[in-house]
Amino acid sequence: MRLAGISTMEEANAFLPAFIAKHNAQFGIEAADPHSAFIALEPSFDLDYYFSMQETRTVKADHTVSFEGKVYQITAASRSRSLAGQKVSVRVNPEGQLHLYDGKKRLEYRLASVAPAKAKPEQSSPETPKSLSETPKSQPCDPTAAARRRAWLHAAAP
């Protein structure tokens, strides 16, 4: 398009039909079979399984998995056996929908009630005596003290 002197979107849109016709005349070939090669996708084919970001999680004893700060519980209807301790894949498709899989089998799940957060360690209160809240200052090290403590190692045997 630079060679044709095109610099605006309107000029490019006007140029495109003639360019496509010229390109197809130069590079286009007739199909060996004039019938369509399109094959309809089977309804059972799960595109979300293949076109998604995947992470692996281990199922807890209560059939829950954690993902991005949320807890999901696998429903009993979607599993024929206990999945506790098993690995499942958590897949998120480009639209942001989350799906859980055991192998290639999609599992039904629900958002579980969140367990209470762990208690935070207590901060020292203003009533805490100063002597308990401060750590003692360390004394400078005597470089010869360690050597004196190990002197027996180097003593000659009788």
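Could you tell me whether any residue of segment 48-61 is of a type in the set (Lys, Arg), in a loop (DSSP other than H, G, I, E, B) and closer than 30 Å to residue 86 by Cα? Yes, segment 48-61 contains a residue that is of a type in the set (Lys, Arg), in a loop (DSSP other than H, G, I, E, B) and closer than 30 Å to residue 86 by Cα. May I ask you to verify whether residue 35 is part of a helix (DSSP H, G or I), over 30 Å from residue 86 (Cβ atoms) and not acidic (Asp, Glu)? So residue 35 fails the test.
Would you please name the residue that is surrounded by the most Cβ atoms within 10 Å (Cβ to Cβ), looking only at residues in segment 1-51 that are within 30 Å of residue 94 (Cα to Cα) and among the hydroxyl-bearing types (Ser, Thr, Tyr)? Checked segment 1-51; the qualifying residue surrounded by the most Cβ atoms within 10 Å (Cβ to Cβ) is 49. Could you go through segment 69-77 and let me know if any residue there is touching a residue at least 24 places away in the same chain (Cβ under 8 Å) and part of a loop (DSSP other than H, G, I, E, B). Within segment 69-77, one or more residues are touching a residue at least 24 places away in the same chain (Cβ under 8 Å) and part of a loop (DSSP other than H, G, I, E, B).
Is it the case that some residue within segment 4-27 is on the phi > 0 side of the Ramachandran plot and either part of a loop (DSSP other than H, G, I, E, B) or not aliphatic (A, V, I, L, M) (or both)? Yes, some residue in segment 4-27 is on the phi > 0 side of the Ramachandran plot and either part of a loop (DSSP other than H, G, I, E, B) or not aliphatic (A, V, I, L, M) (or both).
Which residues, taken from segment 104-144, are of a type in the set (Gly, Ala, Ser), at pLDDT 60 or above and loosely packed, with under 10 Cβ neighbours inside 10 Å? Passing the criteria: 113, 138.
The values are calculated or read from the model by the stated rules, or taken from the named source; none is laboratory data. In this text the structure is predicted, and so the values were computed from the model without any measurement. Glycine also receives a Cβ, built like all others from the backbone with ideal geometry; neighbour counts cover every protein chain displayed.
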